[in-house]
Each structure stands twice: as C-alpha cells, then as structure tokens.
1. Among all residue pairs at least 6 apart or on different chains, which show Cβ distances below 9 Å where the first residue, located in region 97-111, is in contact (Cβ under 8 Å) with a residue 60 or more places away in the chain and the second is among the basic types (K, R)?
2. When you go through (1) more than 19 Å from G18 (Cα to Cα); (2) at pLDDT below 95 one by one for P102, which number turns out not to apply?
3. Step by step: first the residues of region 20-44, then only those that are of a type in the set (A, V, I, L, M) and surrounded by 14 or more Cβ atoms within 10 Å (Cβ to Cβ), then the one that is farthest from K82 (Cα to Cα). Which residue is that?
4. Tally up the residues in region 45-73 that are under 19 Å from the mean Cα position of the chain (by Cα) and either surrounded by 13 or more Cβ atoms within 10 Å (Cβ to Cβ) or of a type outside the set (A, V, I, L, M) (or both), please.
5. If you take the residues of region 9-20 that are out of contact with any helix residue (DSSP H, G or I) (no Cβ under 9 Å at 6 or more places or on another chain) and part of a helix (DSSP H, G or I), which of them is nearest to E144 (Cα to Cα)?
6. Find the helices (runs of 4 or more DSSP H) located wholly in region 34-99 whose residues include 3 or more that are within 18 Å of A147 (Cβ to Cβ), and list them.
7. Look through E75, E24 and report the one residue that is at pLDDT below 95 and touching a strand residue (DSSP E or B) at 6+ places or on another chain (Cβ under 7 Å).
8. Counting only residues that are of a type outside the set (A, V, I, L, M, F, W, C) and surrounded by 14 or more Cβ atoms within 10 Å (Cβ to Cβ), which one in region 119-135 is modelled with the lowest pLDDT?
Amino acid sequence: MAKLTLKDLEARVGQEVGLSPWLEMTQDRINAFAECTEDRQWIHVDEKRARRGPLKSTVAHGYLLVSLLAHFNLENEIFQQKFRMAINYGLDRVRFLHPVRPGERIRNRAVLKKVEKDGLRKVLVTVENTIEIENRTKPALVAEALALIYL
C-alpha cells in the first residue's frame, strides 16, 4: 500500500478514482433503514400500498443512498492508500434523480473534483459521486462528498 501524498492527489483531479461493484437494493435493506431512522413512510415499507401508488413499487430512501456513499468510497483508489485518518467533512450539491426499487442493482462512480490543502498535514478532497442504476440511463443520485484526510 502506497503512502498518499498531496502531489498524488493533485495529479488525479478530474479523474475517475473509483467504480464500485454492483450492490443489490433489497426490501430488507430498505426496511432496516426505515427502522434505524424512524422513516417508515409507506412509499418505502408498505409494498401493497406502494404497488398502487404512482411509483408502482416501494423505493429506497434518498438518505439510504447517501449513507451508502461511505461504503462505496472505501473502495475507491484514494481511500485504499496509506494515511493517518480520514473523516467525513460534509456534502455539497446532493440531488436525487431517479428512484431505486427493490431488486435493482446500484454502483457508485467517483471522480476526484477538488483538492485543497488545509494546514500542514491535512487535505480536503471533494469527490463527485454518481450512483448509477443498472440498465437505466438516469442515475439515482449525484452528490459531492467532502473528506478531510490527515496525511
């Protein structure tokens, strides 16, 4: 495992740094998220009612997709390098563009958008994430995630 440097990061700006494996969205995952967050709105958990609704199915919570960014980004090239620590710093420009139904598979495409030095041994990186849905042209989510990396 190589040691991550500011120079390495700056050289990768504008480039794809990760394409995660496909992950199946299941009703069990949606239900578990609903329990954890107390968000049991019928469009997520009531399969019978949702079939009669405008989306014709239950759908994953938008915030469930956001929460999966941490999992997906652990797979990208930046976070596979050696450094002291990284912490979530925030999100910018989050958009939910297409619903994700149970049984559909999603993956994340990560592009390094920006690198900013933050003190002597810290770097703030901005990664644009696009959660794609298999066999669909429109993505489920686009969001910029910010991480503070301690080199």
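1. If the second residue must be among the basic types (K, R), the pairs left are R101/K56; P102/R29; E104/R136.
2. It fails just one condition, (2).
3. In the first step, residues of region 20-44 are kept if they are of a type in the set (A, V, I, L, M); the result is 23, 25, 30, 32, 34, 43.
Checking which are surrounded by 14 or more Cβ atoms within 10 Å (Cβ to Cβ) leaves us with 23, 25, 30, 34, 43.
Working: L23: 26, M25: 31, I30: 33, A34: 35, I43: 42 Å.
So the residue we want is I43.
4. Of the residues in region 45-73, the ones under 19 Å from the mean Cα position of the chain (by Cα) are 59-73.
Narrowing the set further to residues that are either surrounded by 13 or more Cβ atoms within 10 Å (Cβ to Cβ) or of a type outside the set (A, V, I, L, M) (or both) leaves 59-69, 71-73.
The qualifying residues number 14.
5. From region 9-20, those out of contact with any helix residue (DSSP H, G or I) (no Cβ under 9 Å at 6 or more places or on another chain) are 10-11, 13-16, 19; that's our starting set.
From the residues that got through so far, the ones that are part of a helix (DSSP H, G or I) too are 10-11.
Numbers: E10: 17, A11: 19 Å.
Restricting to residues being out of contact with any helix residue (DSSP H, G or I) (no Cβ under 9 Å at 6 or more places or on another chain) and part of a helix (DSSP H, G or I), the top hit is E10.
6. Working: elements: 42-45, 47-52, 62-74.
Ranges flagged: 62-74.
7. The conditions single out E75.
8. As a first pass, look at region 119-135 and keep what is of a type outside the set (A, V, I, L, M, F, W, C): 119, 121-122, 126, 128-130, 132, 134-135.
Checking the rest, the ones that are also surrounded by 14 or more Cβ atoms within 10 Å (Cβ to Cβ) come to 122, 126, 128-130, 132.
On the way: K122: 89, T126: 97, E128: 97, N129: 98, T130: 98, E132: 98.
This residue is K122.
The values are calculated or read from the model by the stated rules, or taken from the named source; none is laboratory data. Computed from a predicted model, the values in this text were never measured in an experiment. Note that we place each Cβ from the backbone using ideal geometry, even for glycine, and neighbour counts take in every protein chain shown.
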